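Asker: My questions will all concern the structure given below.
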Amino acid sequence: MFSSRLPADLAPNRIGRAVARLRGAGADFVDLTESNPTRVGFAAPEGLVRGLAAVAPRVYDPRPLGLPDAREAVAAHLSRAGRMVAPERVVLTAGTSEAYGHLFKLLCDAGDEVLIPRPSYPLFEHLTQLDGVRAVPYALECHARWEIDPDSLRRAVTRRTRVVLLVSPNNPTGSFATAAELDAVAALCRKHDLALIVDEVFAPYPLTAAAGPSVLDGPPDALAFSLGGLSKSVGLPQLKLGWIVAAGPRPLVDRALAGLELICDTYLSVATPVQLAAGDLLAGGAAVTARIAERVRANRAALQALVARHPAVRLLPADGGWYAVVRIPATRPEETVVLDLLERERVLVHPGYFFDFPREAFLVVSLLPEPHRFGAGAERMLANASDAGGLVSSR
């Protein structure tokens, strides 16, 4: 009766069941997986959100690609980060996940393939499956930094490949694609007549002074799309506004925008009030972005200092984003480590296998939580994970 696009088993896994049980019992634990800025003290200034009521429309005038003023606001927002974008190349969506769905519909037939990085965000498996396309991984390798394995990427291309997907900075590795990597992937796309999607939602959060390069820095040789949104850019996930920026050869961009207009017109999912308020939200939200960036850097520095006290543990390199990856001794399965941390230390972290790390053992943590909670949770995590048998409690 039900579609094969849904997972065969919708039951929560062991970690999910344990979290639900503890929450149901009212237990307090440090959530080092928290990725929602509105739950860790980053509520938008009251006047900024109140402005939505002031722009409530009385007449509905749908524009499939987005209202002109809102598209101009996104272009202006990107220009403040040094990305010069023509507003007519901006397409508005109800969040980044919908942007992926629109692009898969634009570029793929059922059964076609999208190349995705590994390790990376686990949502891609669901997004591709729900649109009837297949996610095929290519490898990121960690040496002095995380890099695209070019041989793995080339080998992944088949006659059914339609898209190469990059996340820059990647979630969770925090690695920006370098300018050379962007050029090489664009050349591969041009050679095989593929499109390039670059998810740049975490670009506003470099861990050093300079942000990484963008696919929008120069006209790529292949058809390319950059993704962003309010959720990460200004910490407003509840307002559901994302964007696609099309780049590349003009004939391909024009055809892509025409196709996206038809797709967007079919759904018309972006709410008018958030579009009318987009200019104020993007400009006024800069203060929230700065506060998030400051906390992320401070929490990573604190984590680095804590890791230095545990020689068996390594904090892997990262360029940006708001996640950190910790490599721990592979003496116990990751799931065992995570469940032990949750049950005995009251600390929740992600196991590396959630993000398709090819081997064990890794833990992934969010850098968003309040510093005192983050520090206490990280200290307990490292003490437990450093102990080969998991028999030492730091509490």
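The values are calculated or read from the model by the stated rules, or taken from the named source; none is laboratory data. Note that the coordinates shown come from a computational prediction; the quantities given were computed from them, not determined experimentally. So basically every Cβ, Gly included, is an ideal-geometry build from the backbone, and we count neighbours across all protein chains shown. Keep in mind that these areas ignore ligands, DNA and RNA; they rest on the heavy atoms of the full protein, side chains included. Shrake-Rupley method; radii C 1.70, N 1.55, O 1.52, S 1.80 Å.
Asker: Once you put a point 7 Å from the Cα of ASP221 and another 7 Å from the Cα of VAL136, both along the Cβ direction, what distance in nm separates them?
Answerer: 2.1 nm
Asker: To test your reading of the geometry: what angle, between 0 and 90 degrees and rounded to tens, separates the Cα axis of helix 179-192 from the longest principal axis of the chain?
Answerer: Relative to the chain, helix 179-192 is tipped by roughly 60 degrees.
Asker: Which part of region 319-351 falls in the paramagnetic zone of ARG21, meaning amide N under 20 Å from the point 7 Å along Cα-to-beta-carbon?
Answerer: Zone members listed by number: 333-351.
Asker: Using only Cα atoms, tell me the angle between helix 96-107 and the longest principal axis of the chain; keep it within 0 to 90° and round to the nearest 10.
Answerer: For helix 96-107, the angle is close to 50 degrees.
Asker: Under 8 Å for C-alpha pairs, at least 6 residues apart: give me the relative contact order for the chain, rounded to a whole percent.
Answerer: Relative contact order of the chain: 22 percent.
Asker: Could I ask something else about it? Between ALA283 and ALA179, what length comes free when the chain is fully extended (0.36 nm per residue of separation minus the Cα-Cα distance, one decimal in nm)?
Answerer: 34.7 nm is the gain from fully extending ALA283 to ALA179.
Asker: Continuing with the same structure: Zone of ASP28 (label point 7 Å along Cα→Cβ, backbone N under 20 Å): which residues in region 332-346?
Answerer: 341-346
Asker: Can you give the angle from 0 to 90° between the axis of helix 286-307 and the longest principal axis of the chain, with both taken from C-alpha atoms, to the nearest 10?
Answerer: Computed tilt is about 30 degrees.
Asker: Say R0 is 51 Å: what FRET efficiency, to the nearest 0.05, do ALA258 and THR336 get from their beta-carbon distance?
Answerer: For R0 = 51 Å, the calculated efficiency reads 0.45.
Asker: Would you mind working out the accessible area per residue for the chain, using a 1.4 Å probe, and quoting it in Å²?
Answerer: Ligands and nucleic acids excluded, the result is 44 Å² per residue.
Asker: Calculate, for GLN238 and ARG159, the FRET efficiency according to 1/(1 + (r/R0)^6) with r their C-beta to C-beta distance and R0 56 Å; round to the nearest 0.05.
Answerer: Plugging the Cβ-Cβ distance into 1/(1 + (r/R0)^6) gives 0.85.
Asker: Starting from the Cα-Cα distance between ASP193 and GLU125, subtract it from 0.36 nm times their residue separation and give me the gain in nm to one decimal.
Answerer: Extra length from ASP193 to GLU125 when fully extended: 22.2 nm.
Asker: Can you give me the distance in nm between label points at HIS372 and PHE2, each placed 7 Å from the Cα along the Cα-to-Cβ direction?
Answerer: 4.4 nm
Asker: For every helix of n ≥ 4 consecutive DSSP H residues, a contribution of -39,500 (n - 2.57) applies; sum these over the chain, divide by its total residues, and give [θ] at 222 nm rounded to the nearest 500 deg cm²/dmol.
Answerer: -11500 deg cm²/dmol
Asker: At 7 Å along Cα-to-Cβ for each site, give me the label-to-label distance between ALA11 and ARG39 in nm.
Answerer: That separation, rounded to one decimal, is 2.4 nm.
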